[in-house]
Amino acid sequence: MTTNGRFDSAYLRRMNCVKTFSTIREQGMVSRSELAAITGLSRATVSETVKELLDRGFIREVGHGDIRRGRPPVNLEVNPERFYLIAVEIDVGWIAVAITTLVGDIVVQHRQEFGRCDYPFVLETCVRWIEHLLDQKGLGREDILGIGVAVPGQVDLDHRVVNFAPNLRWRDAHLADDLEEGLHLPVLVSNEAMLGAMAEKWFGQGKNARVLVYVSVKGGVGCGIVLDRNLSLGVSGSAGELGHMTIDPQGPECSCGNRGCWEVYADEPAILSRAFQAFSSSRDSLLFQSFSMDSNRLTIEAIITEARKGDPTAVGVIQESGWYLGIGITNIVNALNPDLVVVGGRIASSELALEEIRRVVRERGLQIPSQNVTIVPTQLGSKVSLMGCIALLLDLLLEQPEGRINTN
Ligand SMILES: [Zn+2]
């Protein structure tokens, strides 16, 4: 996905393909001349790119445009039936699998909880569920262009090996190779926060963002950075691990071995532990009465609900969590000068948390970057990683002249 010679002909061809395909997808139905007007590409370039996309079966010609003007222009749309993509999300104790069209519409999906993370079991479960869903929809291998997999961990540059996923306790897991062996389909693996950024760029609020940062707040904090249309991978694939920036050198120990990392204060376990402590010392809190017997049942959603009702303890927990998220996001805004930061994870559904993040960035950030950034919650909800898998596959498919992902 990254490119060295940014302005060589292969890069331009790929950008034209992405721009043309994205425009057709966004418009639903569009003529060649409308494509030229919207994309700013010349008619000759549009004609060439459209031919390539038609030859690959990614788009199709339909109906007619304005018949009042002589020869009617033929409209173009994404071919919804010719090819499909598969998205898989792996997290601690569960997987989600979806088969989608090339516009990202989910045709079938399944979520399986199993409460364990050992690699052979998760691998076998993924293979079994993908085969089951393909059978269920009557789809063959030839109908599928590729499988994208989201994992909460660091993945190598080639989207093949999960180098380290601390929450899953995986190291050097050859996930792409192993899935390909089981399924005989091309597989790409990526970090879930990076995929969140891709999802926002392709399907979410980041379509027009120049510099986009997606902040995933889950069992840890991870970020995905998109510059122009390119995901920033770093030299070895681990760019965006901003959850491990130090915000207190003497702070508590982190799963990475360092001390005082941002995620120790800002991820979901941190929010839950902050909540449990606060409610334990506030005995008239409704949440304390509900969960004092079993802290494992305390959830982010329950805290947000109580805060919305005005419970002062819950409000305090959300504000403090938003404050810590705001501290890290201020650093990101100062460092990268993004025009858009999208926050994902359950805490992002709290407007109170978002308000606090925005307040901290406004108050502590450098003037120019903090005045030029918009901070929003994701609107893709729990589908964000799956949509990111689709975006990753589309991005790479449009790069390949033969329209197939070559993973060899
Ligand atoms: Zn850390």
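The values are calculated or read from the model by the stated rules, or taken from the named source; none is laboratory data. Here the structure is a predicted model, which is why all the values come from computation and not from measurement. Every residue, glycine among them, receives a Cβ derived from its backbone with ideal geometry; neighbour counts consider all protein chains shown. Protein only, heavy atoms only, side chains kept; ligands, DNA and RNA dropped before computing areas. Shrake-Rupley method; radii C 1.70, N 1.55, O 1.52, S 1.80 Å.
Things to note:
- Mean Cβ count within 10 Å, highest first, over the residues of peptides 312-321, 251-260: 312-321, 251-260
- Computed over the alpha carbons of the range 197-264, Rg followed by Dmax gives 13.7, 40 Å.
- The charge dipole of the range 52-198, taken about its Cα centre with unit charges on the Cβ atoms of Lys, Arg (+1), Asp and Glu (-1) only, comes to about 520 debye.
- Taking Cα atoms only, the orientation of helix 192-202 departs from the longest principal axis of the chain by about 50 degrees.
- Shape category assigned to the range 83-232 from the gyration tensor of Cα positions, a/c cut at 1.5: oblate
- Whole-number percent relative contact order across the chain, with pairs defined as alpha carbons under 8 Å at least 6 apart: 15
- For the chain, size of Cβ-based charge dipole, Lys and Arg +1, Asp and Glu -1, in debye: 1200
- Diffusion constant of the range 114-176 at 37 °C, which comes from Stokes-Einstein with the Kirkwood Cα-pair radius and 0.692 mPa s, µm²/s: 251
- Ranked packing of 208-218, 161-171, most packed first, by mean Cβ within 10 Å: 208-218, 161-171
- When His132, His244 are compared by accessible area at a 1.4 angstrom probe, the order from most to least is His132, His244.
- Gyration tensor over the Cα atoms of the range 9-78: the corresponding equivalent ellipsoid has semi-axes (square roots of 5 times the eigenvalues, largest first) of 20, 13, 10 Å.
- Listed by chain and number, the lysines whose C-alpha is less than 16 Å from the C-alpha of Lys218, apart from same-chain residues fewer than 8 away, are Lys383.
- Panel note: the C-alpha atoms of the chain, placed on their principal axes, show extents of 76, 50, 40 Å (largest first).
- Using only side-chain charges placed at the Cβ, +1 for Lys and Arg and -1 for Asp and Glu, the dipole size of the range 209-379 relative to its Cα centre rounds to 220 debye.
- Remark: the range 52-58, residue by residue, has Karplus-estimated 3J(HN,Hα) of 4, 5, 5, 4, 7, x, 6 Hz, where x stands for each Gly or Pro and the curve is 6.51 cos²θ - 1.76 cosθ + 1.60 at θ = phi - 60°.
- Counting only DSSP beta bridges whose two residues both lie in the range 111-211, roughly 50 percent are antiparallel.
- Per residue, the convex hull spanned by the alpha carbons of the range 185-232 comes to 87 Å³.
- Sum of -39500 (n - 2.57) over DSSP H runs of 4+, divided by residues of the chain (222 nm, nearest 500): -13500 deg cm²/dmol
- Isotropic mean projected area of the C-alpha convex hull, the range 209-379 (nm²): 10.5
- For the range 106-117, Karplus couplings with θ = phi - 60° (6.51, -1.76, 1.60), whole Hz, Gly/Pro x: 7, 8, 7, 8, 8, 10, 10, 9, 9, x, 9, 10
- Placing unit charges on each Cβ (+1 for Lys and Arg, -1 for Asp and Glu) gives the range 209-379 a dipole about its Cα centre, and among Gly240, Asn331, Leu212 the Cα reaching farthest toward its positive end belongs to Leu212.
- Accessible surface area normalised per residue over the chain is 45 Å², counting heavy atoms of protein chains with a 1.4 Å rolling probe.
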